[in-house]
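Notes for the one structure printed next.
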Amino acid sequence: MSVFPPVPLAEWADTKDTLHRFLQVLGKLRLANAPRRNHWWHVPLHLTGRGLTTRPMGLDPVFAVDLDLVDHRLEVAVADGRRASFPLPGLSVAAFYRQLLATLSALGLPSTIERPVPFDLADRTPFAEDEQHAAYDRAAVTRYWVVLGQVAQVLEEFAGRSYAKTSPVHHFWHTFDLAVTRFSDRRVEQPAAVDPVTREAYSHEVISAGFWFGDDRVPEPAFYSYTAPEPAGLAEEPLRPAAARWIDSRGAHLALLPYEDVRTAPDPRATVLDFLESAYAAGARRAGWDLGALRCPDAPEPR
């Protein structure tokens, strides 16, 4: 498999919809059992050498839930050495949900998920009732994990170029994207009506970068970047390479570079990094960040 294999959305959309809901179940489990972190950093999933993990959570006992996307199994590991697992292929969302809760209960672990319905998805069928989403293409899921791993390494390199406070590289289960965010030291005053998730996530000025696998609005995998709050004139800033563009996204502007243009470039890694640097410099300049002071010594000069 190539470093950046093709992942056209149309070829695995049904599987993606099923897997997305599996991840939402795990994410809600982690939300209920992990110590709180600033900016909701305790909620996303993280990569392993074979898939995804909730990371350790709980107190007595500590436990973790992993998705092995090579052998296609879910595994629950308890700190006292006990383990249990079950296969993923062939499960509907409802069957996955029931099997996970039964496995947790058998191990004496927390097995309650608050609000057991999908978050911010058009189809909000409760997990326990969702028999419709049951597609699981093994090759497509493994390819998804391979792409995640390659993209994560590029995002890690990009993250290491700045002295700004920076989030982990993490996989958001609600939006199914992999992201890293840089923060300025300036607080953002938000209206009283703003929901608590947004208020905490965007408590300071941010420039975020990431990758998603496509959705109804952008039906292809792509790298992206945005600045929040969006400074005036952001979309007038140039982006690199030529295939990158600004698009309207929920009332703001998103820098977008299609994955296909990356994977077919002579140097895909350098292409992504150049795009992310150009989008970051655009947002930082317009927002008045001190690019020079935030640049690590071995990072390229902003241009």
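Below, the figures for the structure above:
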item	result
Number of the exception - T103 against (1) of a type in the set (S, T, N, Q); (2) modelled with pLDDT under 95; (3) surrounded by 17 or more Cβ atoms within 10 Å (Cβ to Cβ)	(2)
First in region 177-191 and at pLDDT 95 or above, second anywhere and in a strand (DSSP E or B) and among the hydrophobic types (A, V, I, L, M, F, W, C), Cβ under 6 Å, 6 or more apart	D177/W212; L178/F211; V180/A209; T181/V206; R182/I207; F183/V206
Among the residues listed as G283, G288, the single one being more than 24 Å from the chain's Cα centre (by Cα) and either over 24 Å from V194 (Cα atoms) or touching a residue at least 12 places away in the same chain (Cβ under 8 Å) (or both)	G288
Inter-residue pairs, beta-carbon under 8 Å, first closer than 26 Å to V7 by Cβ and in region 196-219, second part of a loop (DSSP other than H, G, I, E, B) and among the hydroxyl-bearing types (S, T, Y), 6+ apart	W212/T175
Where a residue in region 44-69 is farther than 25 Å from A139 by Cβ and open to solvent by 10 Å² or more (accessible area, probe 1.4 Å) and its partner, wherever it lies, is in a loop (DSSP other than H, G, I, E, B) and of a type in the set (V, I, T), with Cβ under 9 Å and at least six apart	P56/V62; A64/T54
Among the residues listed as P266, P300, the single one being of a type outside the set (V, I, T), assigned to a loop (DSSP other than H, G, I, E, B), over 21 Å from the mean Cα position of the chain (by Cα) and not assigned by the TED database to the domain that holds Q190	P300
Region 106-162: number of residues that are in a loop (DSSP other than H, G, I, E, B), within 22 Å of P8 (Cβ to Cβ) and in contact with a Phe, Trp or Tyr (Cβ under 7 Å, 6 or more places away or on another chain)	1
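The values are calculated or read from the model by the stated rules, or taken from the named source; none is laboratory data. Just so it is clear, the model here is predicted, and its values are computed rather than measured. Note that each Cβ is placed from the backbone with ideal geometry, even for glycine, and that neighbours are counted across all protein chains shown. Side chains are part of the model used for accessible areas, which takes the heavy atoms of the whole protein and leaves out ligands, DNA and RNA. Shrake-Rupley method; radii C 1.70, N 1.55, O 1.52, S 1.80 Å.
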